[in-house]
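First up is the structure itself, then whatever we jot down about it.
Values quoted throughout were computed directly from the atomic coordinates according to the rules given, and no laboratory measurement underlies them. Model, not experiment: these values are computed from the prediction. Please note: Cβ atoms are built from the backbone with ideal geometry, for glycine as well, and neighbour counts cover all protein chains shown.
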Amino acid sequence: MSKSDIKIINGTIITPYRIIKSGELFLRNGKIEAVSETSIDAPDAQIIDANGQYIAPGFVDIHVHGGGGSDFMDDRVEAFLGVAETHVRYGTTAMLPTVLTSTKAEIIRSLERYEKAAADNTRGSRFLGVHIEGPYFSMEQRGAQDPRYIRDPDPAEYFEILNSSSSIRRWSVAPEKKGAIPFGKILRERNILPSIAHSDALYSDVADAFENGYSLVTHLYSAMSGVTRRNAFRYGGVIEAAYLIDELDVEIIADGKHLPAELLRLVYKIKGPDRAALITDAMRAAAMPEGNSILGSLTDGMEVLVEDGVAKLPDRSAFAGSTATADRLIRTMRGLAGIPLLDAVRMMTATPARILGLQGSIGTLVPGKDADVVIFDEDIRIKMTIVQGRIVYDSHAHDAKNTFQEKITI
């Protein structure tokens, strides 16, 4: 066995359906080799003593814009790397970098920057592809998306974007927009996930979209229609459709600000941990001091105010982005909403992995899957993050490049 072999001992292991106390996890060649309730024979492996703390799958964030002072809309490859290095400290081992509503040229440039960054990303959360959020949205439900760039789906435009990169993994669209249904079909043909977002749709619009490939609702409750009245008659909106269509997945910003405890519990009760994923939707102010910040690019973004643990429009009339990290989401679900830890972790690991079709490689601690692992204490404070078998963050060393030690006690 080589020095790259890692055996984690004396930990409380969170498996897909149970918790193993005083268990052991063996990682070899970047994969999970064994999960055991008894001692694993690996005499030459590096030993990590979890000291009774939790050993969980690495967190999977399928909707994140930035963190640590950088945003994926910044015109710098270093911004992508900086965001990844920020969030890995909070347990995110895999992420879907998300770009905002913008011009066609800027979206294409963001894709180019992503591909350059992906080739050099060795110290942070690994990249799973790009999520394009916009620009085909409802003006009435635009939220903090820049109204200058909101428009209807244009085949000439989106085909150029699609043909410019093979890295697009997901695209969020308002399904009631003219041309959105055929666009969703095209995305599915290219194995890209169509998601419903910033939408003023009625239930019937969502049902039509679901039947034509849209299978996820972007940040449920945020920037979308609920029950509405038209010509005296009431109609269900996107929120009601998300609950009524059992197979429709949802994601929620569980930062304790965007949704109160009762709505977090309602989502959990109706959709369950297998259909609801936790997302940070974090902007550049995540893991940064509160104060003035920018949503989107530094040169063309929107000024926001960060206070009370969330970003707001300068007039404080609405939220303008999340400053959450993944550990905070699980803490919120467990503490504020009273959700069992096993289910809260599932919503941050197995469920988002399955939504992206990656359940065969990430999201659970199962032999044969990638060795993406996080160790945290009872308060969900991250002690160590391992990405594909490499120790990328150690809270004691504060340096991913720390020298090899035969045994590390957390």
Tilt of helix 261-271 relative to the longest C-alpha principal axis of the chain, in degrees (0 to 90, nearest 10)?
90 degrees
Formal net charge of residues neighbouring HIS219 (Cβ-Cβ distance under 9 Å; K, R +1; D, E -1):
-2
Please give me the summed charge of the neighbours of ILE362: other residues whose Cβ is under 15 Å from its Cβ, Lys and Arg +1, Asp and Glu -1.
+4
R0 of 56 Å, Cβ-Cβ distance ASP300-SER22: FRET efficiency to nearest 0.05:
0.60
Percent of Cα pairs exceeding the 19 Å cut-off, where the set is the stretch 1-118:
58 percent
Determine the distance separating the Cα centre of the stretch 298-359 from the Cα centre of the stretch 46-88; give it in Å without decimals.
14 Å
Expressed in nanometres to one decimal, the distance between label points 7 Å along Cα→Cβ at GLU290 and GLU112 is 4.0 nm
Nearest 10 degrees, 0 to 90: what angle lies between the long axis of helix 104-118 and the longest principal axis of the chain (Cα atoms)?
10 degrees
Using R₀ = 25 Å, calculate the FRET efficiency as 1/(1 + (r/R₀)^6) where r is the Cβ-Cβ separation of LYS269 and SER361; round to 0.05.
0.25
Quote to one decimal, in nm, the extra length available between SER39 and ARG76 on full extension: 0.36 nm per residue of separation minus the C-alpha distance between them.
8.6 nm
Nearest-20 debye value, the stretch 294-376 charge dipole, Cβ charges on Lys, Arg, Asp, Glu
380 debye
Residue span GLU262 to LEU244: 0.36 nm per residue of separation minus Cα-Cα distance leaves a gain in nm of 4.6 nm
Local electrostatic count at ASN191 - Lys and Arg +1, Asp and Glu -1, tallied over other residues with Cβ under 13 Å:
+4
Would you mind ranking SER199, SER164 so that the residue whose beta carbon has the fewest other beta carbons within 10 Å leads the list?
SER164, SER199
Check the straight Cα-Cα distances from LYS177 and name the lysines below 19 Å, setting aside those fewer than 8 residues away within the same chain.
LYS104, LYS185
Qualifying GluC sites (Glu not before Pro) for the stretch 1-93 [loop in DSSP, other Cβ within 10 Å: at most 10]:
GLU37
Expressed in Å to one decimal, the Kirkwood Rh of the stretch 216-332 from all distinct alpha-carbon pairs is 15.4 Å
Is the stretch 95-253 best put as rounded, prolate or oblate by its Cα gyration tensor, with a ≥ b ≥ c the root eigenvalues, rounded for a/c under 1.5, and otherwise prolate when a/b is larger than b/c, oblate when not?
prolate
Measure nothing fancy, just the Cα-based angle from helix 180-189's long axis to the longest principal axis of the chain, in degrees from 0 to 90, nearest 10.
30 degrees
Once a ≥ b ≥ c are taken as the square roots of the eigenvalues of the Cα gyration tensor of the stretch 59-355, is the result rounded (a/c under 1.5), prolate (a/b larger than b/c) or oblate (a/b not larger than b/c)?
rounded
GluC sites (Glu not before Pro) restricted to DSSP loop in the stretch 243-283 with at most 13 other C-beta within 10 Å
GLU247
